[in-house]
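The structure appears below as structure tokens.
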Amino acid sequence: MSLPIVVIPMGDPASIAPELVIKTLLSDEALGYANMVVVGSQKVLALTADNLGLSVKFNPIQPEQIRAATFPKGTINLIDMDNIDIDAIELGKPQASAGRACYEYIETATHIALNQQCDAVTTPPINKEALHMANVPYIGHTEIFGGLTGAHDPLTMFHIQNLRIFFLSRHVSLKDACDLVKTDRVLDYVTRCDKSLKQIGMNSASIAVAGLNPHNGDNGMFGDQEIKEIEPAVELARKQGIKADGPIPGDSVFWLARKGRWDAVLSLYHDQGHIAAKTLDFERAVTITLGMPILRTSVDHGTAYDIVGTGQANEVSLIEAVRVASIYAPSFIPMPV
């Protein structure tokens, strides 16, 4: 069976992203998971390879040539954007030119995926400050993909080993996150989680909804959101035919899901799910964006400006993101928008 084709936008050219891309595209492990094409700057990648002492050939191609391309080891198939002045890049710093370039890489990769010229997109890190400096009208990857694909509020799912985690809220204060735990919102997210799991071939998935308060509030002693908001949402989801359980205390739900009790967990706020995933395996936590007409996986770490150019960047997370893309790509069903 042929390997899926994964397109990788190069990421922030002033960050560790080019190093991660070079190492991943030369990795025997990654080459066993997918056929990979990079959207980026050949000049930046060639300089990065030279600095790492790695030998690599580049094969510039056009998007319409991707499906017919060959993928010999040691050769990187590249959509060369040539959109950055390599002499003007200040490595290890956020800057407008880098922010604009990495947005254009993502934009091109997204169009390639929408045109079904690849099976998935896998992203290295970008920098939110650099995007802002470049006047890019999106705060980060998820918002960019949502805007470019026309998907309203795409869902983020973490994949770590056999654990899948969705998030009821993400980048808001803890106080605001608690205020967002309402029956209608929980029900909406459980319903969307179920649809998203179907999108990756899990047609009868079980979903656990985490509790918010210690010990699920101990019957209202330490908070009543479980009684007033979460339980009613779970019951309504069940009436819709969704295999939902909860609330399950937050100090046990992730462990139980990892043991196989449920296929996925709906975390109620950012750190509740992030701490569980990153404690389990920080380097191999992968972000998946669902609810879109394309499949996107990503590393779950930042641009690491402090180690740019040192050769210390660890490509294991990008390799894992390629692996996860290869798992879900064959059964992926595009979500209409």
Tabulated pairs, the stretch 121-146, first without any contact (Cβ under 8 Å) to a residue 40 or more places away in the chain, second assigned to a loop (DSSP other than H, G, I, E, B) and aromatic (Phe, Trp, Tyr), C-beta under 9 angstrom, 6+ apart or interchain: 131/138
Qualifying residue in the stretch 327-336 (condition: in contact with a Pro (Cβ under 6 Å, 6 or more places away or on another chain), in a helix (DSSP H, G or I) and surrounded by fewer than 23 Cβ atoms within 10 Å (Cβ to Cβ)): yes
Test for residue 265: is it at pLDDT 95 or above, open to solvent by less than 10 Å² (accessible area, probe 1.4 Å) and touching a Gly at 6+ places or on another chain (Cβ under 8 Å): yes
Strands (runs of 3 or more DSSP E) contained entirely in the stretch 1-94, each with at least 3 residues that are surrounded by fewer than 17 Cβ atoms within 10 Å (Cβ to Cβ) and at pLDDT below 95: none
Any chance residue 153 is among the acidic types (Asp, Glu), farther than 27 Å from residue 283 by Cα and either under 15 Å from the mean Cα position of the chain (by Cα) or surrounded by fewer than 22 Cβ atoms within 10 Å (Cβ to Cβ) (or both): no
Within the stretch 129-240, helices (runs of 4 or more DSSP H) holding 3 or more residues that are more than 30 Å from residue 15 (Cα to Cα): 174-179, 183-199, 231-239
Pairs where the first residue, in the stretch 298-324, is of a type in the set (D, E, K, R) and the second is part of a helix (DSSP H, G or I) and open to solvent by 30 Å² or more (accessible area, probe 1.4 Å), C-beta under 6 Å, 6+ apart: 315/23
Check on residue 169, among the small types (Gly, Ala, Ser) and open to solvent by less than 30 Å² (accessible area, probe 1.4 Å): yes
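The values are calculated or read from the model by the stated rules, or taken from the named source; none is laboratory data. All figures in this text were calculated on a predicted structure; none of them were measured in a lab. So basically every Cβ, Gly included, is an ideal-geometry build from the backbone, and we count neighbours across all protein chains shown. Just the protein is used for accessible areas: all its heavy atoms, side chains included, with ligands, DNA and RNA removed. Shrake-Rupley method; radii C 1.70, N 1.55, O 1.52, S 1.80 Å.
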